[in-house]
Amino acid sequence: MSIRLAIVGAGVMGADHARIVAENLPGAKLQVICDASPERARKVADDCGAVDVATDSLDTIRRSDVDAVLIASPDETHAPLSLAAIEAGKPALCEKPLSQSTRECLAVIEAETGRGRRFVQLGFMRRFDPSYAEMKAALDAGALGRAIMMHNFHRNVEAPANFTGQMAITNSAPHEFDVARFVLGADYRSISVFQPSVVDASKTGAPVFMVLETTTGQLVNVEINNNAAYGYDVRGELVGEKGSVFLNGPIHARYHLSMQSFERYAADWRPRFAEAYRLQNRAFLEFVRSGVFPSVAADAWDGYCAALAAESGLAALAAGSRIAIAMQVKPALYRRSKQP
Ligand code: ISE
């Protein structure tokens, strides 16, 4: 029998998830598209062949014809809607970040711990990206020797108008906080944040440069530049004792035109990470079917770790100094292999 999915939030990511489900997720059925705007919900439902539309997210999560939920609404709703899914006993694939506040992440963790299983798979899709997977596999296989450093660049064309100065750290950088932690298999000990004085720091999406130290002695640096102008560009290099691995994006063509040779950039992250989203959503469907949490996927604890790095990053920026990152003790549920 098909798994009946509700998508909450019909913006850019909700629409993209609906398309992935419709085109690439055999065994899943788009049951409901829910959005505060009925027109937006209807448009996505019509484009992707969903059965129904709704405007109330909590009612949608509780509906008896919904087996699992995909949360793609604005950041501040992620934790409350995850809690509602847990309360309804339904697995949820929640877009990142779980929350911009560690307090809210801990509430989700407490709710899952109370029920003795994981419900929330977090949309840190880069864990499923073939280039990061290969980087991690090379490290795990010992090919690079011990990891020493990881360099990360994250550039968007232009920050959305609603992007506050802090969102480079709380909305964009969590991808790097999570994926570097995932690749290295290490937690963070401290963070320092810098801003180039040549740009106006109050400007929407002003760039930041961060340096994190891991508990196992590596340095991780992260550039976030949400007004890079030229294209969506994510780069990463893992440096080990014996060599390094550099990420390659999925480039399908090279142009030779007008005395130039070049490749094209996408305007946003969806083409760059299309395969990662597809694999992530497949893993979620398998999780709903089997109850076994995907070993690669991020869970609520990983969401807490990313939020803690972001919160500490904001404190480091305000203080103008290096801030220690002090983690809570990891509950036993999240120490187990990712079984339910
Ligand atoms: C956005 O929310 C995303 O998740 C994108 O993957 C990221 O590149 C962008 O910086 C974020 O704002």
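Just so you know, all these numbers are worked out from the coordinates, no wet-lab data involved. Note that the structure is a prediction, hence the values are computed from the model and not measured. Note that we place each Cβ from the backbone using ideal geometry, even for glycine, and neighbour counts take in every protein chain shown.
The set of residues in the stretch 293-336 that are part of a helix (DSSP H, G or I), among the charged types (D, E, K, R) and surrounded by 15 or more Cβ atoms within 10 Å (Cβ to Cβ) comprises Asp302, Glu311.
Among the listed residues Ser244, Ser258, which satisfies the condition of being out of contact with any Leu (no Cβ under 7 Å at 6 or more places or on another chain) and farther than 18 Å from Pro174 by Cα? Step through it out loud before you land on a result.
On the way: Ser244 fails: out of contact with any Leu (no Cβ under 7 Å at 6 or more places or on another chain).
Checking each option against the conditions leaves just Ser258.
Is it the case, given these coordinates, that Glu286 is part of a helix (DSSP H, G or I) and either within 30 Å of Ser2 (Cβ to Cβ) or β-branched (Val, Ile, Thr) (or both)? Yes: the conditions hold for Glu286. The residues of the stretch 107-134 that are assigned to a helix (DSSP H, G or I), buried (at least 20 other Cβ atoms within 10 Å of the Cβ), more than 16 Å from the ligand (Cβ to nearest atom) and under 18 Å from the mean Cα position of the chain (by Cα), listed by number, are Val108, Ile109. The number of residues in the stretch 92-106 that are crowded, with 24+ Cβ neighbours inside 10 Å, in a loop (DSSP other than H, G, I, E, B) and either out of contact with any Gly (no Cβ under 8 Å at 6 or more places or on another chain) or of a type in the set (A, V, I, L, M, F, W, C) (or both) comes to 1.
For beta carbons closer than 6 Å, sequence separation of 6+ or different chains, a first residue in the stretch 266-277 that is at positive phi and a second that is near the ligand (Cβ under 8 Å from one of its atoms) and hydroxyl-bearing (Ser, Thr, Tyr), there are no qualifying pairs. Residues that are more than 16 Å from the ligand (Cβ to nearest atom), at negative phi, in a strand (DSSP E or B) and in contact with a Lys or Arg (Cβ under 8 Å, 6 or more places away or on another chain): does the stretch 214-233 have at least one? Yes, some residue in the stretch 214-233 is more than 16 Å from the ligand (Cβ to nearest atom), at negative phi, in a strand (DSSP E or B) and in contact with a Lys or Arg (Cβ under 8 Å, 6 or more places away or on another chain). Restricting attention to the stretch 234-248, and to residues there that are closer than 16 Å to Leu184 by Cβ and of a type in the set (Val, Ile, Thr), which single residue is farthest from the ligand (Cβ to nearest atom)? Here the answer is Val239. Candidates are the residues of the stretch 1-14 that are assigned to a helix (DSSP H, G or I) and buried (at least 20 other Cβ atoms within 10 Å of the Cβ); the one that is nearest to the ligand (Cβ to nearest atom) is Met13.
Might you let me know whether the stretch 261-268 holds any residue that is within 19 Å of the chain's Cα centre (by Cα), among the aromatic types (Phe, Trp, Tyr) and surrounded by 12 or more Cβ atoms within 10 Å (Cβ to Cβ)? Looking for residues that are within 19 Å of the chain's Cα centre (by Cα), among the aromatic types (Phe, Trp, Tyr) and surrounded by 12 or more Cβ atoms within 10 Å (Cβ to Cβ), one finds none in the stretch 261-268, hence no.
If the condition is being of a type outside the set (Ser, Thr, Tyr) and either surrounded by 14 or more Cβ atoms within 10 Å (Cβ to Cβ) or farther than 17 Å from Leu25 by Cα (or both), then the stretch 48-57 contributes Cys48, Ala50, Asp52, Val53, Ala54, Asp56. Is it the case that the stretch 241-254 has a residue that's of a type outside the set (Ser, Thr, Tyr), farther than 15 Å from Pro130 by Cα and in contact with a strand residue (DSSP E or B) (Cβ under 9 Å, 6 or more places away or on another chain)? Within the stretch 241-254 (the criterion being of a type outside the set (Ser, Thr, Tyr), farther than 15 Å from Pro130 by Cα and in contact with a strand residue (DSSP E or B) (Cβ under 9 Å, 6 or more places away or on another chain)), the answer is yes, since at least one residue qualifies.
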